[in-house]
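To keep things clear, I will list the structure first and then write my remarks on it.
The values are calculated or read from the model by the stated rules, or taken from the named source; none is laboratory data. Everything numeric here is computed off the predicted structure, so don't read it as measured data. Don't worry about glycine lacking a Cβ; one is built from the backbone with ideal geometry, like all the others, and counts go over all protein chains shown. Heads up: the accessible areas ignore ligands, DNA and RNA and are worked out on the full protein's heavy atoms, side chains in. Shrake-Rupley method; radii C 1.70, N 1.55, O 1.52, S 1.80 Å.
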Amino acid sequence: MSASIRLLIHGASGRMGQALLRLCAERDDCSIVGAVSRKVGQRVIDGIPQFASSELHGVPDFDVAVDFSLAEAFDPILALCVERGTALVSGTTGLDESQRAAIVRAADRIPVLWAANFSLGVAVLSELVERAAAALPGWDCDIVESHHSGKKDDPSGTALALGESAQQGGAQPRYASLRAGDIVGEHLVQFAGVGERVELIHRATSRDIFARGALHAAARLSGRPPGIYRLRDLL
Ligand code: NAD
């Protein structure tokens, strides 16, 4: 039997962090050695050592950090992984250019996977969008994303990633964002021509799809050589 992979969950008290903690408990290939949130005392699962972001350097040894926090919290967790020589799986969105450049530099020393979306359905949607864009030259391309009212960044990281796929197919996408209620995440990619319209849509109804994808990726990233990995490399 392979050894259990030691995970550090960064952003543990959040919506995604709570899903990661719950779903990790159902797996036998990983265990959580620390849960980091902005402040200790926010919701986490009993029995898991908790740390505040100010205590990040005191966390125990881990194999992979799984980060679903906020863009403003990303630099310290990336730096810690480089310092400890451990892998990083991150789904934190809203990163700026300098943070993306820091990921590329870090990948000289550690394995890193950052993905705007950890669901299989969005991976398929992304391929369909590129194909549709290439097949429908000159059509208007609009990406409309809807999320819960607590989401900080817009357009969503997934919308921007779908936009990159559309651009690879030759389209020039525009973006619109809605923030309302408790919507987990919806992405509509619309191609509009004269007298007709193609709509491709993905609706996430549970955060568990992202958490399962991230845990699966973490289990597969552990022990790999340094570099940038894509979700599809680890599926
Ligand atoms: P949330 O607001 O519910 O939780 C944020 C978490 O980050 C909390 O635990 C908070 O304590 C922690 N945090 C805040 N500041 C911190 C700091 N300075 N240091 C350490 N931790 C800090 O957010 P959420 O809905 O769980 O989403 C988290 C991130 O994941 C967002 O960027 C969101 O866009 C992204 N997300 C990505 C995917 C994907 O598949 N890639 C899916 C869903 C959400």
Selection count where residues are open to solvent by less than 30 Å² (accessible area, probe 1.4 Å), of a type outside the set (A, V, I, L, M, F, W, C) and under 13 Å from the mean Cα position of the chain (by Cα), scope segment 209-235: 1
Some residue of segment 156-168 being more than 30 Å from ASP63 (Cβ to Cβ), assigned to a strand (DSSP E or B) and either basic (Lys, Arg) or out of contact with any Pro (no Cβ under 7 Å at 6 or more places or on another chain) (or both): no
Members of segment 170-193 that are touching a His at 6+ places or on another chain (Cβ under 9 Å) and either part of a loop (DSSP other than H, G, I, E, B) or charged (D, E, K, R) (or both): ARG179, ALA180, GLY181, ASP182, ILE183, VAL184, GLU186
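Yes/no matrix, rows are residues, columns are (1) farther than 24 Å from ALA211 by Cα; (2) of a type in the set (A, V, I, L, M); (3) in contact with a Lys or Arg (Cβ under 9 Å, 6 or more places away or on another chain); (4) modelled with pLDDT under 95:
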{"site": "GLY121", "(1), (2), (3), (4)": "no, no, yes, yes"}
{"site": "ASP140", "(1), (2), (3), (4)": "yes, no, yes, no"}
{"site": "ASP153", "(1), (2), (3), (4)": "no, no, no, yes"}
{"site": "SER156", "(1), (2), (3), (4)": "no, no, no, no"}
{"site": "GLY181", "(1), (2), (3), (4)": "no, no, no, no"}
{"site": "VAL184", "(1), (2), (3), (4)": "no, yes, yes, no"}
{"site": "ALA192", "(1), (2), (3), (4)": "yes, yes, no, no"}
Qualifying positions in segment 59-77 - within 11 Å of the ligand (Cβ to nearest atom), buried (at least 20 other Cβ atoms within 10 Å of the Cβ) and of a type in the set (D, E, K, R): ASP67
Residues satisfying the stated conditions in segment 108-129, i.e. more than 14 Å from the ligand (Cβ to nearest atom) and surrounded by fewer than 19 Cβ atoms within 10 Å (Cβ to Cβ): ASP108, ARG109, VAL124, GLU127, LEU128
Per-region count, segment 11-47, residues outside any helix (DSSP H, G or I) and either assigned by TED's automatic domain parsing to the domain that holds VAL184 or free of Cβ contacts under 8 Å to residues at least 40 places away in the same chain (or both): 21
Verdict on LEU56 being at pLDDT 95 or above and either open to solvent by 20 Å² or more (accessible area, probe 1.4 Å) or under 14 Å from HIS216 (Cα atoms) (or both): no
Single match in LEU80, LEU95 (criterion: within 12 Å of the ligand (Cβ to nearest atom), assigned by TED's automatic domain parsing to the domain that holds ALA214 and assigned to a loop (DSSP other than H, G, I, E, B)): LEU95
Residue that is nearest to GLY157 (Cα to Cα), among those in segment 61-77 that are part of a helix (DSSP H, G or I) and in contact (Cβ under 8 Å) with a residue 24 or more places away in the chain: ALA71
Pick from segment 1-11, criterion aliphatic (A, V, I, L, M) and modelled with pLDDT of 95 or more, ranking: most open to solvent (accessible area, probe 1.4 Å): ILE5
